[in-house]
1. With the checklist (1) modelled with pLDDT of 85 or more; (2) of a type outside the set (S, T, N, Q); (3) more than 20 Å from Glu268 (Cα to Cα); (4) surrounded by 20 or more Cβ atoms within 10 Å (Cβ to Cβ) in hand, flag the one item Ile125 doesn't pass.
2. Taking the condition modelled with pLDDT under 95 and not charged (D, E, K, R), does Asn62 pass?
3. Could you run through region 448-481 and say how many residues are of a type in the set (Val, Ile, Thr), touching a residue at least 40 places away in the same chain (Cβ under 8 Å) and part of a strand (DSSP E or B)?
4. For region 293-312, does any single residue satisfy the condition of being buried (at least 21 other Cβ atoms within 10 Å of the Cβ), of a type outside the set (Gly, Ala, Ser) and either modelled with pLDDT under 90 or at positive phi (or both)?
5. What's the number of the condition Glu104 fails, among (1) part of a strand (DSSP E or B); (2) on the phi > 0 side of the Ramachandran plot?
6. Could you pull out every one of the strands (runs of 3 or more DSSP E) wholly within region 482-594 that has 3 or more residues that are out of contact with any Asp or Glu (no Cβ under 9 Å at 6 or more places or on another chain)?
Amino acid sequence: MSFYNLDSDLPPHDQKTMQNNQPTIQFIACMFLMIVSISTLSAQEVCNNGVDDDNDGLIDLNDSEDCVCSAVSSVTSLIPNPSFEVYDCLPITLAELSCSDTWEQATLATSDYFLNIPGALWDNIIPMPVPDGEGVAGFVISTYSIDSDGTEAIYNEYIGGCLLAPMEAGVEYTIQMSLAGSSWDGGFNSSGVFYSPIDITIFGSSACPEWPLPGEPVGNDLGCPTFLEEWVELGHTSYSADETWQTITIQFTPDTDIQSIMIGGPCELPSDFSVDLITNSAFPYFWIDNLLLNETSLFSSIEITGSYCDEDLTLLGASDTLAEYVQWYYEGVAISAQTNNQLAWSDLNLSEGTYQFIAFQNDSTCAGSQIEVSLPPSITPLIEASTQSGCEPLTVQFNHVTPTPSIACEWDFGDGNTAEECNPTHVYTESGLYSIDIRVTFENGCTYDTTYQQYIEVTAPPQAVFTASPQPTNVNNTQISFFPESNDAIVEWQWNFGEVFPYTDTVESPTVLFPGIPGNYPIELVAINSDGCRDTLSSFILIESDGTVNLPNIFTPNGDGDNDRFVPFEEFPGRWQLTIFNRWGVEVFTTENLSQGWTGEDSPSATYYWVLDPRDGQQGESRAGYVTLVRD
């Protein structure tokens, strides 16, 4: 940081309150060198008190007449197209870095270009948001086996390009870049595997070559370019991949003028960067963006610590040890009481915008830097549902589908139930309209929520109710009419009469002729409403006897399963007593279980006399007759 003369002393500060209610944060660093001069007029502007002292509507550094600021613009990168935003063609597959204007695949190993616009190559495992714009480059750093004895070759992909102007020998330069590292299993799926720290390296050449550079002539190496005499390593820095964007810096002083650069892995790789191509293990993969290259002296002396989302964002200004005091400014206006190297941005609830850090020396000199703090739009959590309407009970699979990576989700389904997973399944058991609340914590530490009003509609099913007439009835009156008792919402009736003709029907009120045989006949009604919801009712039709019992006049108890018992022809409910006599009038059998009848027991073949008497108020009169028992 260099110091410059001021024309007068500077008085104390005044209060300036800052407000902030923005949701996420990005940083754009820049630097300025400022000269502040105070006029000797009686109504002069004081340049560090947050007050319009001369009543001209301009405060502090914004008063360009009284507080003259000579500033250089933000650091200009010597690298053309430093954020990969300008392109000559849309990348649609891998190995198309040359689609990004002025960038080239530096070696035979194929580096990649990703562009987050429709129709271009992109992948959802790239950490979002990217540091600048929509484009990033990507490259692999690895070794792999080239024969059965385990011999390994380097496979490093590099990005390369020619500079806007040469870097001069003997001048210190800084390259600042954003890097995100993960692992690639061959299909751009993150495997969750991370590797030991790796030296991200920049190489340089005094000429602008024809790209790509040839591979190393020994073996099958596609490694670093230093085997070519014109290429030298300029510098490197250690980087540990954690699937998030990090800003890394390399400082170096070239021995010769440098016209072109390439960036990627080092010449020697850690052991865990070896990939077995047979088992298709994950490759170490790196995305790169926002490359700022220029003389070190031009870079900002303001550092950023913490983050907005974690509410601990802090700006740290570097000043010369000879500085008497320092002052922080927001958009050129002094921030009251902020007179040390640390500006607790989150604690002070400050706003996005331009911040200046000025160091003042007792001999009326000063120096400063500035930084831009900008906040991107808030993130609205996006959801999908397997269905948004249906009949109760309604099962819905919910999914959180916001492209920005998230680490936690909280759901409120609107019916008193909640969930704490990002893709829950929920069952609605009652009809109604339900609004969905979702609260998501993203990887940047920020939490956002939204409500989907009346998102799920659950419809109540109809009620399948009917009456049948006549009921009960006897074998002499078996024509039954059915009458549904339902509301107008029912649009379809499905009747099932079991083994009774016509077996099924779809009319609203069918009439069916049941058999003249006593018994319970099962039936079923399925009622369906206009929403497709259905309800099922099962019942039965009772056919009773009219009191007449029909008995056979012969039976053959020979064990063949056919006519083995002396029983009524039809199932006969009620209570009756059956008595059997032989031809001499001797009782040989009696029972009140008419459905079991008489098996003939040990009686010989002959004609027998039977008597049937009602019991316990059974309808019908006593009857008598003859039956012949025939044994083969």
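The values are calculated or read from the model by the stated rules, or taken from the named source; none is laboratory data. Bear in mind that the values here come from a model prediction, so they are computed numbers and not experimental data. Ideal geometry is used to build each Cβ from the backbone, glycine not excepted, and the neighbour counts take in all protein chains shown.
1. The failed condition is (4).
2. On the way: modelled with pLDDT under 95: yes; not charged (D, E, K, R): yes.
Spelling it out, Asn62 is indeed modelled with pLDDT under 95 and not charged (D, E, K, R).
3. So in region 448-481, the residues of a type in the set (Val, Ile, Thr) come out as 450-451, 456, 458-459, 465, 467, 473, 475, 478, 480.
Imposing the further condition that a residue be touching a residue at least 40 places away in the same chain (Cβ under 8 Å) reduces the set to 450, 456, 458-459, 465, 473, 475, 478, 480.
The next check asks that each one be part of a strand (DSSP E or B); those that pass are 450, 456, 458-459, 473, 480.
Count: 6.
4. yes
5. Of the numbered conditions (1) part of a strand (DSSP E or B); (2) on the phi > 0 side of the Ramachandran plot, the odd one out for Glu104 is (2).
6. Working: elements: 490-496, 511-513, 519-529, 534-544, 576-581, 587-591.
Of the strands (runs of 3 or more DSSP E) lying wholly inside region 482-594, those with at least 3 residues that are out of contact with any Asp or Glu (no Cβ under 9 Å at 6 or more places or on another chain) span 519-529, 534-544, 587-591.
Here is a yes/no grid of residues against (1) within 18 Å of Pro166 (Cα to Cα); (2) touching a strand residue (DSSP E or B) at 6+ places or on another chain (Cβ under 8 Å); (3) without any contact (Cβ under 8 Å) to a residue 60 or more places away in the chain:
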position	(1), (2), (3)
Leu78	yes, yes, no
Pro82	yes, yes, no
Val86	no, yes, yes
Leu90	no, yes, yes
Thr93	no, no, yes
Leu97	no, yes, no
Trp103	yes, yes, yes
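A quick yes/no check of all residues on (1) at pLDDT 85 or above; (2) of a type in the set (S, T, N, Q); (3) assigned by TED's automatic domain parsing to the domain that holds Leu513; (4) out of contact with any strand residue (DSSP E or B) (no Cβ under 9 Å at 6 or more places or on another chain):
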| residue | (1), (2), (3), (4) |
| --- | --- |
| Phe540 | yes, no, yes, no |
| Asp564 | yes, no, no, no |
| Asn582 | yes, yes, no, no |
| Thr599 | yes, yes, no, no |
| Asp616 | no, no, no, yes |
| Gly625 | yes, no, no, no |
